[in-house]
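The values are calculated or read from the model by the stated rules, or taken from the named source; none is laboratory data. Every value quoted in this text rests on a predicted model; they were computed, and no experiment measured them. Here the Cβ positions follow ideal geometry from the backbone for every residue, glycine too, while neighbour counts run over all protein chains shown.
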Amino acid sequence: MTMPTYDVCGIGNAIVDVLSHEDDAFLARHGMTKGTMALIGSDDADRLYGDMGPGVECSGGSAANTIAGIASLGGKAAFIGKVRDDQLGAVFRHDITALGVHFPTPAAQRGPSTARCLIHVTSDAERTMNTYLGACVDLCPADVDADVVRASQVTYLEGYLWDREEAKAAFIRAAQQAHDAGREVSLSLSDPFCVDRHRNSFLELVENHVDILFANEHEILSLYQVDNFDEALQHVRGHCKVAALTRSAKGSVVISGNEIHIVDAEPGVTVVDTTGAGDAYAAGFLFGYTNGHRDDLAHCARLGGICSAEVIGHFGGRPEVSLKDAVANKLG
C-alpha cells in the first residue's frame, strides 16, 4: 500500500451557509421544527431568504465543515462535492481551496444553481436549517475522483447527501475504492431527519461499508429504534469498527469492540450557536485518528471535544481561530 497523500477526503454537499438570529415565532410562522433540517425547493428558498433578518454568508456543508476543520488542525485534506459555475459556486471554491484543501470536482455548467443552507439560530443556541440542495443533487459516481479516494487514509461520507440513487451509488463506489486500496471509510448520520428517511439503507451501509461511524444521541437511537442509549451502544458495537457518539453537554462516548471510552465535554464553554458542532467533533477525531492516535480513541475524542467547543462558542459553523492553536492551548 502506498503512502497516503491526504489524511481525509470528504464527500458531501457543497453549500453556502446563510445564518441569522431568529425567534421561536419566526420558526412557527414558517412551520419549522426546531433543531432539525428540512429540504426546500428554489421558490421556498427565495421566499424564506427574503423574510430572514440580517445574515452572515459563508461556505459550509457538513462534510466540508469537517474538512475545513481538519485543515485548520494542520491536516492534509480533500473534498468532493458539486457546485455550479455561478457566483456562490466561485465563493465556495475560493473558501475551501484558500484553506489548503484539494477540491478536484469540476463545476457544473448547466442545471441547478449552487446549494445554500438557511440557518436560523434561536436564543437557546439551537439551529434550525432549511436547505436548497441545488447543484448538490447532481453528484454522481463519475464525480468521485478515484485517485483522491485511494490516496486518503479515510474517506468521510456525509449522511445529508444520502438521498438520490446516484449519490448513493457515488458513496458505494467511493467506499469500495477506499477499501480496495486498504483505506478506511467513515460516515456521519448528520441528522435525525436523514435517519428517519433512510433507516434501512443506512443500516446496510453501516454494516457493510463503514469503519468509523459518527452520530449524536438522537441519531443513534433513531437508527436502531430504541429508547435507551446503552441499548443503542450494544447494537452499533457489532456493526462497525469504531462508533463515536456525541451527547451534547455530556461529552461523547466512543465504542470499538470491547473498548468503551467516555469523554467529558470541555468545561467553561458558553454556547452561542451549535451549528457545526458535530462537524467540528468529527474533524478533531479524524485528525487524531489519521495522525498517530488510532490506538488512543479517547485522545481522538478529546480532540473532537476541543474542536467542537471552539465552534459552539461563536456564530457560524467553522472555526474562528486556528484549531491547531486551540488544541495546543488545551493540551500543552
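Of all residues being buried (at least 24 other Cβ atoms within 10 Å of the Cβ) and under 18 Å from the mean Cα position of the chain (by Cα) in the range 176-190, which is nearest to GLN225 (Cα to Cα)? Just the residue, please. Before the answer, list the steps.
Residues of the range 176-190 that are buried (at least 24 other Cβ atoms within 10 Å of the Cβ), as a first pass: 178, 185-190.
Then drop every residue that is not under 18 Å from the mean Cα position of the chain (by Cα), which leaves 185-190.
Numbers: VAL185: 24, SER186: 22, LEU187: 19, SER188: 18, LEU189: 14, SER190: 16 Å.
Step by step, filter the range 176-190, then rank; the result is LEU189.
Give the residue that is surrounded by the most Cβ atoms within 10 Å (Cβ to Cβ), with candidates limited to residues of the range 144-169 that are of a type in the set (Asp, Glu), modelled with pLDDT of 90 or more and closer than 15 Å to GLY12 by Cβ.
That would be GLU158.
Return the total of residues in the range 83-108 being among the polar types (S, T, N, Q) and closer than 14 Å to ILE11 by Cα. Walk me through how you get there before you give the answer.
Taking the range 83-108 first, the residues among the polar types (S, T, N, Q) are 87, 97, 105.
Narrowing further to those that are closer than 14 Å to ILE11 by Cα: 105.
The qualifying residues number 1.
For every residue, the table says whether it meets (1) crowded, with 17+ Cβ neighbours inside 10 Å; (2) touching a strand residue (DSSP E or B) at 6+ places or on another chain (Cβ under 7 Å); (3) part of a helix (DSSP H, G or I); (4) modelled with pLDDT of 95 or more.
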site: VAL254; (1), (2), (3), (4): yes, yes, no, yes
site: THR270; (1), (2), (3), (4): no, no, no, no
site: THR274; (1), (2), (3), (4): yes, yes, no, no
site: TYR281; (1), (2), (3), (4): yes, yes, yes, yes
site: LEU303; (1), (2), (3), (4): yes, no, yes, yes
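Has the range 88-106 got at least one residue that is assigned to a loop (DSSP other than H, G, I, E, B), touching a His at 6+ places or on another chain (Cβ under 9 Å) and within 22 Å of VAL311 (Cβ to Cβ)? Show your work before the answer.
To start, the set of residues in the range 88-106 that are assigned to a loop (DSSP other than H, G, I, E, B) comprises 99-101, 103-106.
When the remaining residues are screened for being touching a His at 6+ places or on another chain (Cβ under 9 Å), the result is none.
So far as the range 88-106 goes, no, none of its residues is assigned to a loop (DSSP other than H, G, I, E, B), touching a His at 6+ places or on another chain (Cβ under 9 Å) and within 22 Å of VAL311 (Cβ to Cβ).
What pairs can you find where one residue is in the range 88-108 and more than 14 Å from GLY61 (Cβ to Cβ), the other is in a loop (DSSP other than H, G, I, E, B) and β-branched (Val, Ile, Thr), and their Cβ atoms are less than 8 Å apart, with a gap of 6+ or different chains?
Matching pairs, first to second residue: ALA107/VAL83; ALA108/VAL83.
If you go through the range 198-246 one residue at a time, how many are touching a strand residue (DSSP E or B) at 6+ places or on another chain (Cβ under 7 Å) and of a type outside the set (A, V, I, L, M)?
Here the count works out to 9.
Sort out which residues of the range 130-143 are among the aliphatic types (A, V, I, L, M), modelled with pLDDT of 90 or more and crowded, with 23+ Cβ neighbours inside 10 Å, and write them in order of number.
Residues of the range 130-143 that are among the aliphatic types (A, V, I, L, M), as a first pass: 133, 135, 137, 139, 142.
Of the ones still in play, those that are also modelled with pLDDT of 90 or more are 135, 139, 142.
Passing the criteria: ALA135, LEU139.
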